[in-house]
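Every number in this text was worked out from the coordinates using simple rules, so none of it is lab data. Note that the structure is predicted; figures quoted are calculated from it, not measured. Counting neighbours? That spans all protein chains shown, and the Cβs are built from the backbone with ideal geometry, glycine included.
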Amino acid sequence: MYLAVKELLFSKWKYSLIIGFITLIAFLIYFLSGLAFGLANNNRSAVDNWQAQQVYLTKYSNKNLLLSQISPAQVTTPADSVPLKVNNAVTEINKEKVDSTIFSIDSDSFIKPELSTGRFIDKSGEVVVDRSIDPENIHVGQKLKLNGHQEQLKVVGITDDNRYNTLPVIYVDNSDYYAIFGSRNINGFITQKAGAVKTDSELERISTNTLINNIPGYSAQVQTFTLMIASLFIIVGFIIAIFMYILTLEKLSIYGTMRAQGISTRRIVSSLLWQALIIGLTGVGIALLANWITMLFLPATVPFGANPWLILIFSLGLIGAIILGTIFSIIKVVKIDPLEAVGGN
């Protein structure tokens, strides 16, 4: 480690450039992963909060909750399940119009959300809303309208982190749902139990993960961000490999002299690995700090989420890519002939 630190201090400007590059790439990875996690969470958080195992939809729905239309008169409710009605609506609140997703469930349903403020609906004319519908001004007792319906609905409860397909979820009474949308059809039945259950032939049973993956745009979005982040890891590995290889070529004579003086190859290799580790830890550390500061100043409307485990995996992956890139230089050092390196015959 001593040799590594001495080398870093001696060529501090060169290594500062590579640390700066790693910092920028790492920050970009953290920021993109935060956006990817935030967007994914906005698509699926309401479903995750059900803590359910399976969903029953109509066979023709293509596993899309909104496209599933189940007539209560034609289909028998599966055992140990609760019904869910879903629709999209334009919500008028504080003289602003906001796109939203409407969930209609029974008041004793196990999929009702946890509330941060207020209570759950127990009669018509009441709603529970996700805070993101109006983060700055939403409060219990506020009135809103759905799809231009004349009757105003009263907010009696507020929940956090309940969104479906990126839209804030509003929970309404079954009678209000019928008055607004004119339909008694059910979109799906939700169950906490996994495994085969005898159901109506018109229904198919899918997992909640399958339901989430079939939310329009969700899979494409996740795959796009995954490809971008993976590409950045590859870029980091290549750049570090090229940089360290060039530095190694510049110092072949020095390494040869060290070998001629009896300094072991193991010690030189150890020095290079320590250099890579110090460079990686410094760049990643600065990037983490920059990412944290950025999070503090992002507006609430930006779908950004920090997942500690994801950050840890990416940090280890970055450092691993840096060390892997350094191995190409180590191969060159191992093959050094001390006599040739110092200009001998």
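At-a-glance table
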read-out: About the Cα centre, charge dipole magnitude for the stretch 48-214 (Lys/Arg +1, Asp/Glu -1 at Cβ), debye; value: 300
read-out: Test item: Cα-centred dipole of the stretch 8-94, Lys/Arg +1 and Asp/Glu -1 on Cβ, debye; value: 380
read-out: On Cα atoms only, tilt of 12-48 relative to the major axis of the chain in degrees; value: 20
read-out: Surface/4 estimate of mean projected area, convex hull on alpha-carbon atoms of the stretch 48-214, nm²; value: 9.1
read-out: Ranked list, fewest to most other Cβ atoms within 10 Å of each Cβ, for HIS139, HIS149; value: HIS139, HIS149
read-out: Spatially proximal lysines relative to LYS193 (Cα-Cα < 27 Å; intrachain offsets below 8 disregarded); value: LYS59, LYS63, LYS85, LYS112
read-out: Cα convex hull volume per residue for the stretch 223-345 (Å³); value: 111
read-out: Calculated FRET value between THR77 and ALA179, using beta carbons and R₀ = 25 Å, to 0.05; value: 0.65
read-out: Charge dipole magnitude, Cβ of K and R +1, D and E -1 - the chain, Cα centre, debye nearest 20; value: 1180
read-out: Given charges at Cβ of Lys, Arg, Asp, Glu: the chain dipole, positive-most of ILE22, MET295, ALA230; value: ILE22
read-out: Where N is the number of residues in the chain, Cα Rg divided by 2.2 N^0.38 Å; value: 1.43
read-out: The chain, helix-only ellipticity at 222 nm - DSSP H runs n ≥ 4, -39,500 (n - 2.57), divided by all residues, nearest 500; value: -16500 deg cm²/dmol
read-out: Additional length obtainable on full extension of the chain from GLN152 to GLU114, 0.36 nm per residue less Cα span; value: 11.3 nm
read-out: Selection of trypsin sites (Lys or Arg not before Pro), the stretch 245-345, meeting DSSP coil and at most 12 other Cβ within 10 Å; value: LYS335
